[in-house]
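Report on the structure given below.
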Amino acid sequence: MSRVRRRSWHATAVAGLGIFLVVVAITVCAPFLTHYDPIDQVLRDAFKPPSAAHWLGTDRLGRDLFARIAYGGRFPLAITLVAVSVSAIFGTLVGAIVGRVGGAVEEIAMRLIDVFISFPSILVGLVIAALLKPGFGTLVLAITVTDWTPFARLARAITLEINTRAYIEAASAVGAPEPLILRKHVLHHLVGPVLAMGFLRFGHGLLTIAGLSYLGLGAQPPAPDWGAMLAEAQPYMMRFPILVLAPGLIIFATALSVVLAGRGLMLMFDAPHGGPRA
Amino acid sequence: MNLLEVRDLQTHFFCDEGVVKAVDGVDLTVRRGEILGLVGETGCGKSAIALSIMGLLDPPGSVVGGSIRLGGVDLLGLPESEMAKIRGNRVAMVFQQPQSSLDPVFKVGHHIVEAIRVHRAVAKCEAWRQAVELLREAGIPDPERLAHVYPHELSGGMAQRVMIAIALACRPDLVIADEPTTALDVTIQAQILDLLRSLRAKFGMAVIVITHDLGVIAEMADRVAVMYAGRIVEQTDVRSLFSEPHHPYTQGLIVCMPRLDEVRARLTVIPGAVPSLMDIAPGCRFASRCQARVLHDMTRCMEAEPPLEAVHPGHEVRCWLYDRAASAEPAHHGPRGAGAGYRLGLGAPADSPANGSPAGHMPAGRDSIPHPLLAVTELFKHFSTGTGVFRRGGGTVRAVDGVSFDIREGETLALVGESGCGKTTVGRAILRLIPATSGTVLFGGRDVLNAGTAELKALRRQMQIIFQDPSSSLDPRMRVGDSVGLGLLVNGIKRKERDDAVIATLRTVGLEPYHARRYPRELSGGQRQRVVIARALALRPKFVVCDEPVSALDVSVQSQILNLLRDLQQELRLSYLFIAHNLSVVNHIADRVAVMYLGKVVELADREELFRNPLHPYTRALMSSVPSTQPSGGRARIVLNGDLPSQRDMPSGCRFHTRCPFAQERCAKEDPLMREVTPGHSAACWLV
Amino acid sequence: MAALLIRRLAFLPVLLVFVSLLVFFLPRLAGVDPTLAILHARVPERNPDPEVLDRIRAELGLDRPVPLRFLSWLERLARGDLGYSYVTREPVAGLLREGLAVTATLVGLCLALAVVVAVPLGVVAAIRPGKWLDNLIAIGSQVGVAVPEYWIALLLILLFAQRLGWLPSAGWRGPAYMVMPVLTLAFRPIAYFAWATRAAVIEAMRMDSFRAARARGLTRTRTIWVHALRNALIPVVTLVALWLAGMLGGSVIVEVIFGIPGIGLVLYNAVLATDLPLIQAGLVFLISLAVVINTLADLAYVALNPAIRLSRPQP
């Protein structure tokens, strides 16, 4: 890769990380950024345009839009974080172990993964979330059920590649037992690519969660939630487009930031990505 | 007029870390129909020259100066569209890796057809007909059928013949062959070199042969240019190069090459490594490694770079030793002509008894010895090649098909053979890195193949392995010290003791304590291989399997490592199973030699005896295939027919009979067993 | 090749039983009572008479023990009898088929658009890496991947349906109805495919055979379009096939927003109404479809790539 290109990836990755941290900061520090209560209805102030008092205006129930955006990120971001972490740890372990063990176990695991990886996560999420009643745990489950598979596949691919290296044989030759080989030789090759994939899956997961919450399966009213805010605003969007622009934009910006970070990390670690049978 | 004239070519690579001046002012001339050999080690820039001539340099490389004239036309000034008309048409190239140079999604014949139709207005069916003819010329059997197969179905030798056919499709004036046989087995190499020579005789094209192998140069070239660190250091006709090498580097290369015909106790080395081409120090680039400079106490070499000057007509050298302007000391001109005054140790090693046998060597003995250290009996390793969980629908690959030998304490048994003969599998099966199908391996009397976990762990402390490829033998994310100390960690040695042991071992292999904190990528190839050796020695084993430990190294580094292995053997009373495909390397380290073919040992003898009197036809073919450094334009040699048979489909009877020039009826029916022909010398052949 | 196909599909029945188990027991796990569900679907009454419940249970055989019910459901499924919807009482098979036809059209158009746009973009980006076009495509593909499709859908409706009035905002009654949904759904595939094509072409350009082809006299551009692209298509085709499998249910949000009667919307409504037969059969059906498409994708990979070797010898 040319010099210029590599620097620009570095820059975009850092920019992505930066934006993401800003968004997280906004959600975490919401009480310090705004004095409004996001569920406090002031009906006579409904549909106010942006002003010094209300930075983004108000929604149909007079609630401050900026406050709803700031607080509205907590639920989706927290769920996505937990879901992706669990998927990453579980998926990576499965992939690495399966890659070392091989044989029938590997074949069966791979067939299972092949199916799950292409299955529409949003549909699965929909069914689980609807049947088990929306809640933090159900939504985490809804994402994790399909999201562990890309990690498993990535971990397996890397492990398989390492299997052929002579230093693995050398480790066996000095008598290293299997868990030690995994720990000392395989793990540090996984950390980078898994981290990079984690960022990418975070973006994907966030979009799914927000989508589910648009369909009414996220945080229940009156609690603020980015996706649900889109649905609420839909009947009024022709007259007050900002009610749709703002929540959508923050979802988009957050997803974009992690994708940038993830792609940049991926290129840094030169991991196999994007390929269907990597 | 000369066909190709390269003047002051400069090709630089603009990398993140700096500018690598791969080619730094090179002059070359190639006349019509002549074969020019371009020889040098890795990183000397020879491939960069080839790519510059062809206009195939990709960023970050680019030609920054000089001129390349083909039949008077300056190639560097041509736009891409014009250059494309010349590539494949007037200048063609043959690459090092034949199988990967063919596009896997297109049929073999298609490549040739494409080469023809890009340059000539020829109908498709006519082009295919020509393609089949070219394949036939290149010695491909059954060319009508093979033109329609896909590249992955070809062996290395076949693929290279296809590449040659492609190169000749438009009858070019010049063919550039970049390491054309390096990736091939020795017996196949001999075939390909023969082919190149006969095609040159037939079509009269000029050839540039680029290689690091002086033997190939001796066999093929009319004239030779020796490259070092981006410059030509010596240029002359091939006979003069070998009979009167002038430049110290050339002399060093010739002398430190492992040889079949001469046995020296200790290989002479060129100390140090090739310098980085990024920050080039003033003065001669070879000065830091040059023993002549030290010998003659010359200061000029470090200050200014010598020009390339003719010492005789047609013989140019870049060295201050031959500077006419300086007051020439008579010592420079010895009795055998200019520059012969200080021959580097040829035939008279300074530091070992000149009796030709490797030091620390036991007297020759029989095959079955009482109390050997390692006794391998009837070792078999078969792989099944079915697909799927239950391995359905495949055959059996009989990688190791009944191998027996013994190794004494302190001795080296070399296991020699070409690719697919099973030698690597034998090494791994002995150490139980892969499970053997059947057979017995006794180490110091103890059963290795059936040992329990605890006993295996104890045995593993005594039996270790060194690998071929230093770049994949070390975990790139682990520090050197951690890699070396892994075995100690497994055996429960505490940190402080471990660190001390690691440092001691590093010193034994010629490295410094600070290397322990480095990562593999910060070390040179030779240093990495030393680390691999250190890792094997950390547990103080008694037996080491050396799996092609020097094949991936430059010639000048090979000799360093071979000497190291020999010194260690003496110091630590080690036994080696030395696996190699190169008979000449084996000449310098082995006490006894076993030759393998397709899973069986076909000959076993003491080293001297084997080289003096090889019995089995395969051994003889192997020996005669090694390109000799005595240029004689192709002496009488045994060239084998055809390719290695597939391991899934072994020939009946003696498995060598399909390629054996002396095969008789009996050979196809019955498989000969190993028989002791003279004391200590066994062979498996009906003809001896 | 036939052996490969059989080997992969042999796994299917096992997988289906496994999935059916999950799908069958999940609602039970969630505490959904089928009898109540049936009743709710027809009668708005929230607290039915227990006698009525028992009677319905006995009629429909819902008072048998659960494992027996599972087995009989499985058996009917194998025969092709997918049951009847609680809500509309129509055969489930028919509902699924109609829904699939609509979704297939939507997804087919979308992927066709994506391929036609993205693949050439990817190749062009690979021809001159690092230049402005490549950077533009790189940025574009990142953006495309991160865009929430429901947001784009709303914005498109806002602009083209509400403000400009050019296109209808919902429904599925002709080409004009297809424009916005297809565009919305195509964002992400275009982004992914362009990126994947670019990466695959660049990878193909690194092959030794690429340099060897240029050495034969082909210009760089021609070598890219003939040799690199052909090699790059192998992973790209597989990727497209995988997306197809994923989008056949993943289009649900778009279908809901635009009111498109595809299989996603069918399942969505079924979930809202706890229409168990429809949910169960639908999920099993979609999963089987995903597996079959997956297998075909693998076959395509092998078919396009003559260099697939026999598996390595295993000890």
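A few points about this structure:
- With contributions of -39500 (n - 2.57) from each DSSP H run of at least four residues, the per-residue ellipticity at 222 nm computed over chain A stands at -23500 deg cm²/dmol.
- Relative contact order for the range B:462-541: 49 percent, from Cα pairs under 8 Å spaced at least 6 residues apart, divided by residue count.
- The calculated FRET efficiency for the pair A:Glu178 and B:Ser524, based on their C-beta separation and a Förster distance of 30 Å, comes to about 0.35.
- Within the same chain, aspartates and glutamates fewer than 8 places from B:Lys21 are excluded, and of the rest, those with a Cα less than 12 Å from its Cα are B:Asp279.
- Computed over chain B, relative contact order equals 13 percent, with contacts defined as Cα pairs under 8 Å that lie 6+ residues apart.
- Charge dipole (the range B:2-221, unit charges on Cβ, about Cα centre) - positive-most of B:Pro172, B:Met158, B:Val20: B:Pro172
- Chain C: calculated mean residue ellipticity at 222 nm from DSSP helix runs of at least 4, using -39500 (n - 2.57): -24500 deg cm²/dmol
- The Cα trace of the protein assembly as shown gives Rg and Dmax of 36.2, 125 Å, the first to one decimal, the second as a whole number.
- Sum of -39500 (n - 2.57) over DSSP H runs of 4+, divided by residues of chain B (222 nm, nearest 500): -8500 deg cm²/dmol
- Here chain C is assigned +1 on the Cβ of each Lys and Arg and -1 on the Cβ of each Asp and Glu. Its dipole about the Cα centre then comes out at about 1740 debye.
- Charge dipole magnitude, Cβ of K and R +1, D and E -1 - the protein assembly as shown, Cα centre, debye nearest 20: 680
- Among the trypsin sites (Lys or Arg not before Pro) in the range A:19-69, those located in a DSSP loop and surrounded by at most 15 other Cβ atoms within 10 Å of their own Cβ are A:Arg60.
- Dimensions in Å of chain B - Rg and Dmax from alpha carbons: 26.4, 80
- Quarter of the Cα convex hull surface for the range B:1-142, i.e. its orientation-mean projected area (nm²): 10.8
- Charge dipole (debye, nearest 20) of the range B:71-190; +1 at Cβ of Lys and Arg, -1 at Cβ of Asp and Glu: 380
- Chain C - convex hull of the alpha-carbon atoms, volume per residue in Å³: 190
- The alpha-carbon of B:Lys124 sits under 18 angstrom from the alpha-carbons of these aspartates and glutamates, leaving out residues fewer than 8 places away in its chain: B:Glu114, B:Glu133, B:Glu144.
- Mean Kyte hydropathy of -1.0 or more with a Cα span along the axis of at least 15 Å, helices from DSSP in chain B: B:108-119, B:124-137, B:156-167, B:186-203, B:480-490, B:495-508, B:525-537, B:555-572
- Antiparallel content of DSSP bridges confined to chain B, in %, to 5: 60
- Share of Cα-Cα pairs in the range A:170-225 lying beyond 14 Å, as whole percent: 69
- Links that overshoot a 29 Å alpha carbon limit, given the list B:Lys202/B:Lys600; B:Lys85/C:Lys131; B:Lys107/B:Lys423; B:Lys423/B:Lys457; B:Lys46/B:Lys600: B:Lys202/B:Lys600; B:Lys107/B:Lys423; B:Lys46/B:Lys600
- Cα-based Rg and Dmax for the range A:12-270, where Dmax is the largest Cα-Cα distance (Å): 21.8, 78
- The C-alpha radius of gyration of the range B:493-583, expressed as a fraction of 2.2 N^0.38 Å, stands at 1.09.
- Loop-located chymotrypsin sites (Phe, Trp or Tyr not before Pro) across the range B:640-688 with a Cβ neighbour count of 13 or fewer within 10 Å are B:Phe662, with loop assigned by DSSP.
- Farthest toward the positive end of the dipole of chain B, out of B:Val376, B:Val186, B:Ser628, is the Cα of B:Val376, where the dipole comes from beta carbon charges about the Cα centre.
- Relative contact order of chain C, defined on C-alpha pairs under 8 angstrom at six or more residues apart (%): 26
- Fraction of antiparallel bridges per DSSP, the protein assembly as shown only, in percent to nearest 5: 65
- Sorting A:Tyr36, B:Tyr249, C:Tyr177 by the number of Cβ atoms found within 10 Å of their own Cβ, with the fewest placed first, yields C:Tyr177, A:Tyr36, B:Tyr249.
- Cβ-based charge dipole, the range C:160-286, positive-most Cα from C:Val254, C:Gly217, C:Trp166: C:Gly217
Any read-out appearing in this document is the output of simple, stated calculations on the displayed coordinates, not a laboratory observation. None of these values were measured; they are calculated from a predicted model. Note that we place each Cβ from the backbone using ideal geometry, even for glycine, and neighbour counts take in every protein chain shown.
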